[in-house]
Amino acid sequence: MKMTDWRWWICLLVFLVGCTPEYNWREVEVADGRAKLAFPARVQTDQRAVSLGGNKLPFHLTSASVNDAVFSVGYMKVPDDMLEAESTQVVRDLVNSLAARTGKRAPDAAYDSKVFELEAVVAGRPSRMLARVLVHRGMVIQVVATGPSSVLSQEHANEFMRSLRLL
């Protein structure tokens, strides 16, 4: 078959159209313009109220899913009158909440706004979670990539976590 044969080009085109990537990375601004991340699919944003210091505050969650893997960023504005020690406690509480989902204890670095990884068995499947919780410009930001280890590769989880840019 010659490369100039138009049927060959049509077959190649049909093949390429059928090979759409599962991960279609796109950069999204979150946390009221305080951060930017690359999500692997179209995002959805949801909001719910959380209790903090006796106040109900809006907690926003922007997330994208690929198969059973979930990539998300949760964020909420810290009240202006909140002391630094109180915002540090919010970070500790969020880290502990994430760790509790796996039945494990978070590593010490997690409380210092570093990326941490926890593994667990969820619904009979080995799963992984990479997460980071931090305070930036008056906003608590929680970044999480989680899913079954067979679906959420270390490479994709790391790519999501590394894409965080604080603005």
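The values are calculated or read from the model by the stated rules, or taken from the named source; none is laboratory data. All values reported here derive from a predicted model rather than from experimental measurement. As a convention, Cβ positions derive from the backbone with ideal geometry for all residues, glycine included, and neighbour counts pool all protein chains shown. Remember, those area values only see protein heavy atoms, side chains included, never the ligands or the DNA or RNA. Shrake-Rupley method; radii C 1.70, N 1.55, O 1.52, S 1.80 Å.
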Fraction of accessible area attributable to carbon and sulfur, the chain (%, probe 1.4 Å)
53 percent
Amide N proximity, segment 85-102 versus Ala120 label position 7 Å along Cα-to-Cβ, cut-off under 15 Å:
94-102
Around Asp108, under 15 Å between beta carbons, what's the net of Lys plus Arg minus Asp minus Glu among the other residues?
+3
Note on segment 42-104: alpha-carbon gyration tensor, axes a ≥ b ≥ c; rule is a/c under 1.5 for rounded, else prolate if a/b larger than b/c, else oblate; result oblate
For the chain, the longest principal axis of the Cα atoms and the Cα long axis of helix 6-17 enclose an angle in degrees, to the nearest 10, of 20 degrees
Correct choice for semi-axes √(5λ) of the Cα gyration tensor in Å that was computed from the model, options [x] 38, 19, 13; [y] 102, 12, 9; [z] 25, 21, 15:
[x]
Residues of segment 111-143 with amide N under 17 Å of the 7 Å Cα→Cβ point at Asp46:
142-143
Folded to 0 to 90 degrees: helix 84-102 orientation relative to the chain principal axis, Cα:
50 degrees
Quick one: net charge of Val91's neighbours, Cβ under 12 Å, K/R +1, D/E -1?
-1
In nm, what is the difference between 0.36 nm times the number of residues separating Asn96 and Asp80 and their Cα-Cα distance?
3.4 nm
